[in-house]
1. Would you mind ranking 205, 225 by Cβ crowding within 10 Å, fewest neighbours first?
2. From the phi angles alone, apply the Karplus equation (6.51, -1.76, 1.60; θ = phi - 60°) to the range 173-188 and give each ³J(HN,Hα) in whole Hz, x where the residue is Gly or Pro.
3. In nm, to one decimal, how far is the residue 216 label point from the residue 119 one, both placed 7 Å along Cα→Cβ?
4. Would you work out which of 29, 198, 89 lies farthest towards the positive end of the dipole of the range 25-215? Charges go on Cβ: Lys and Arg +1, Asp and Glu -1.
5. Residue 133 versus residue 98, label points 7 Å from Cα toward the beta carbon: distance in nm?
6. With a Förster radius of 45 Å, plug the Cβ-Cβ distance of residue 225 and residue 53 into 1/(1 + (r/R0)^6) and report the FRET value to the nearest 0.05.
7. Fewest Cβ neighbours within 10 Å first, please rank 175, 201 accordingly.
8. So for 90, 221, fewest C-beta neighbours within 10 Å to most, what's the order?
Amino acid sequence: MKKWIILGGGALVAIIIIVLVVGVSNLGPMIKKTVNTYGPKITRTQVRLGDVRVSILSAEAKLKDFFLGNPKGFKSPQAMSVGSIHLNVDEKSLTKDTIIIDKIEVIAPEITYEKIRGTDNFQTILNNVKKAIGADETTEKPAEKRERDEGKKILIKNFIVRDGKVNLAMAVLAEKTLNANLPDIHLKNVGQKKGGASPAEAFKEIFAALYAKITSPAVTDVFNEGLKKLATETKATTEKAKKQVEDAGEIAKERMKTTTDKVKGMFGK
């Protein structure tokens, strides 16, 4: 009997190892497909993830070349790009209803904050995310709701953004650029209140925190100072140009007067 218990236990361990290995090895394609498929539906913009590399032994993933496009009506080529994102998954949770992500670390995101007609690109994307989640909840059929409620959830223990940069884009800037450092972000236990959140719900919480940092005084004060400096420089340039035009006009008048006097002299008048 003891022998069968040992053999049974060994088989169980083997099965668990196989499940975990298969789960982790499929984690990369799963992440990439999820981002590239559902990202555009949630944000209503282009969303691309270039590559995902996963360590089977540690369940650590490195996401490369993340791209978030701008909504329609904005001229900047992108809202955000990230060269590298590190992700640590609790591999034991892969077989459970809620996948636990120990850490997501977004390194050096390049953000373009574009303001037009009293709004901006990140506010528009955030509104799109809220509408997408709201539309799903109000229009889905009972079977779809049950599938959503019973589907995989995620819980992110630590979400970190560091070394980011925000570039301001406005019509008045023309070809000039203003940029500011993005304050670091550290969110804890995203999705914990509900015992796990859907990817869309987690994205909304994270994106709202990102938008709050982009529009924080630490960033906007830098932009306001830059705009004031630019306005002063523009005014000085305009006044200098105006003076140059006026000076040129005076010189032209003097030359015309001199020429006229010479002509009068030639005719003895």
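All of the numbers you see were taken from the coordinates with simple rules; none came from a lab. Since we're looking at a predicted model, the values are computed, not measured. Using ideal geometry, Cβ is built from the backbone for each residue, glycine included, and neighbour counts are taken over all protein chains shown.
1. 225, 205
2. With the stated coefficients, the range 173-188 comes to 7, 6, 8, 7, 10, 10, 9, 9, 6, 7, x, 4, 10, 9, 9, 10 Hz.
3. 2.6
4. Projecting each Cα onto the dipole axis, the largest value belongs to 198.
5. Modelled inter-label distance: 1.6 nm.
6. Given R0 = 45 Å and the Cβ-Cβ separation, E is 0.65.
7. So the ranking, lowest neighbour count to highest, is 175, 201.
8. Numbers: 90 15, 221 11.
Ranking 90, 221 by Cβ neighbours within 10 Å, fewest first, gives 221, 90.
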